[in-house]
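**Student:** Structure below; questions to follow.
Laboratory data are not the source of any read-out in this text; all were calculated from the coordinates shown. This one's a predicted model, so the numbers in the text were calculated from it and none came from an experiment. Don't worry about glycine lacking a Cβ; one is built from the backbone with ideal geometry, like all the others, and counts go over all protein chains shown.
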């Protein structure tokens, strides 16, 4: 099959097939994570990023490949998650700029666009490293360029690019020693290889094991919203309460002037189930107890009297209770917001965090907006832009609290209308430390410099569980053992969580250590955290130790030492 020019139909199919390919292989890409931690999310990030781009293409009515490529780039830009997703967006940003004015793509046009994508991606990374997605992209571009010089077939050009990407992917362990040590190829490079494989298959008509299809905009919405790491909470409106009265009665069977029926449990329960929900009926030979939510409490009382005398009646208006709760919540929120504004002043401050305890901690130090996310839940560029806009401020500081969110945060800062600066916090504890050094009276550039400088004074430790056997950083790690990770390096592994945590703290301490902060997560508890603190205190009574409940997932303990 030969294609001398890529038209609208071919391009749309290329995008749809590659989006499907990434979606179907996301977990495999995730499994290539170097660290054996339960937060490998490169595949998820690349899949969701590309799905956002594919959604924009699917919604576009243009018949121009150049305009469709711009739609792809825009969707990728706003949907980009994690560093891998941002780099992928930059690949197609360069591609789209090169192809923008072209209604169709010749083999030479296709090769030039692929090359332009590589150039843009390399510029977007401050310190480009070989053995990554960049190497795979560059080798694919070189092969496409070489083939386009002698071929007038887009299929041949894309085949050369895909095969070169696959070959380059296999060399990544030779370029990055850590990949060879762990025995995996680069996960981002694998993701891009799947994209180019999808492009080639779409053009050539090649069908692999998975079923290929043309996603609709609704399909794309499903993909983009499918991220397991994203939480959206909806608040119940008072008018949504179907049955407004919580009704409880206790009936003494056989007693009373209005008794005219013999009690039958099934009949009794059946009638009440027709006029309400949340029904509970408990009965013996003498008494029946009822709890039901209904719109007609009088009917419940009257029906009960058919079988005996009412010896207990309780009716609560749940709509009124709900309105009271909402008012109390609103008052509490307003009080908290006033306290936050007192600290933040004219600034909007955004932090990425997951866990109710961490949310409250960040609010208490002046963070005005929280993006639910972090490990396994990298927010998209659009998520961060939306949070920037929600602050309503002209000066905004973003705390990513995860190095895999840096590029998305910087990309959001570039496209937002406000004066946005990113403080490159690599962990939750660094984010909290940065906020301690924030000054609402200072200029934004001064604040960022001071907050960035404070990061060097923080040693960050994380305890989590290994998801596979491996050897890394000289540590032999067994699946289900706990690991102590200090500033990105695995220092400790042990089957006992408390012991792993204490050994990690020992590895973090030095002669200048003074303040130790322990934040326990959803899988840990106050008692164990206190026992850990007591043990550390026994090493040196001068240590100042703080314990906070963070409720964070995946990491039972986050510990900082300053």
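**Student:** Once you wrap a convex hull around the alpha carbon atoms of the stretch 345-457, what is its projected area averaged over all directions, in nm²?
**Tutor:** 6.0
**Student:** Let me ask another. Does anything in the stretch 42-84 have its amide N under 20 Å from the 7 Å Cα→Cβ label point of residue 122, and if so which residues?
**Tutor:** Under 20 Å, as judged by backbone N against the label point of residue 122, lie 84 of the stretch 42-84.
**Student:** Would you mind ranking 538, 302 so that the residue whose beta carbon has the fewest other beta carbons within 10 Å leads the list?
**Tutor:** 538, 302
**Student:** Counting C-alpha atoms alone, how compact is the stretch 1-85: give Rg to one decimal and Dmax as a whole number, in angstrom.
**Tutor:** Gyration radius and largest Cα-Cα distance of the stretch 1-85: 14.5, 46 Å.
**Student:** In terms of the Cα gyration tensor, with a ≥ b ≥ c the square roots of its eigenvalues, is the stretch 59-158 rounded because a/c is under 1.5, prolate because a/b exceeds b/c, or oblate?
**Tutor:** Because a/c hits 1.5 or more and a/b fails to exceed b/c, the stretch 59-158 counts as oblate.
**Student:** Still on this structure: Distances over 17 Å make up what percent of all Cα-Cα pairs in the stretch 1-143?
**Tutor:** Within the stretch 1-143, distances greater than 17 Å cover 60 percent of Cα pairs.
**Student:** Determine, for 78, 126, 250, the number of other Cβ atoms within 10 Å of each Cβ, and report the residues in order from fewest to most.
**Tutor:** So the ranking, lowest neighbour count to highest, is 126, 250, 78.
**Student:** Let me ask you something else. Taking 30 Å as R0, compute the FRET efficiency from the Cβ-Cβ separation of residue 510 and residue 342 and round it to 0.05.
**Tutor:** 0.25
**Student:** A further question follows. What are the extents of the Cα atoms of the stretch 238-321 along their three principal axes, listed from largest to smallest and rounded to whole Å?
**Tutor:** Largest first, the stretch 238-321 extends 39, 21, 18 Å along its Cα principal axes.
**Student:** Treating the Cα atoms of the chain as identical point scatterers in vacuum, please give the log10 of the normalised Debye intensity I(q)/I(0) at q = 0.08, 0.10, 0.11 Å⁻¹, two decimals.
**Tutor:** -0.69, -0.92, -1.02
**Student:** Something else now. Could you calculate the FRET efficiency of residue 257 with residue 330 from 1/(1 + (r/R0)^6), where r is the beta carbon distance between them and R0 is 45 Å, rounded to 0.05?
**Tutor:** 0.40
**Student:** Cut-off is 10 Å between beta-carbons; in what order do 316, 510 appear when sorted fewest neighbours first?
**Tutor:** The most exposed by this proxy come first: 510, 316.
**Student:** At what distance in nm do the modelled label points of residue 100 and residue 496 sit from each other, each positioned 7 Å from its Cα along Cα→Cβ?
**Tutor:** Taking the simple label geometry, residue 100 and residue 496 are separated by 6.3 nm.
**Student:** Then there's this: How far is it, in nm, from the label point at residue 530 to the one at residue 149 when both lie 7 Å from their Cα along the line to the Cβ?
**Tutor:** Result: 7.4 nm between the two label points.
**Student:** With n ≥ 4 as the cut-off for DSSP H runs, can you work out [θ] at 222 nm for the chain, using -39500 (n - 2.57) per run divided by the number of residues, rounded to the nearest 500?
**Tutor:** That comes out to -16000 deg cm²/dmol.
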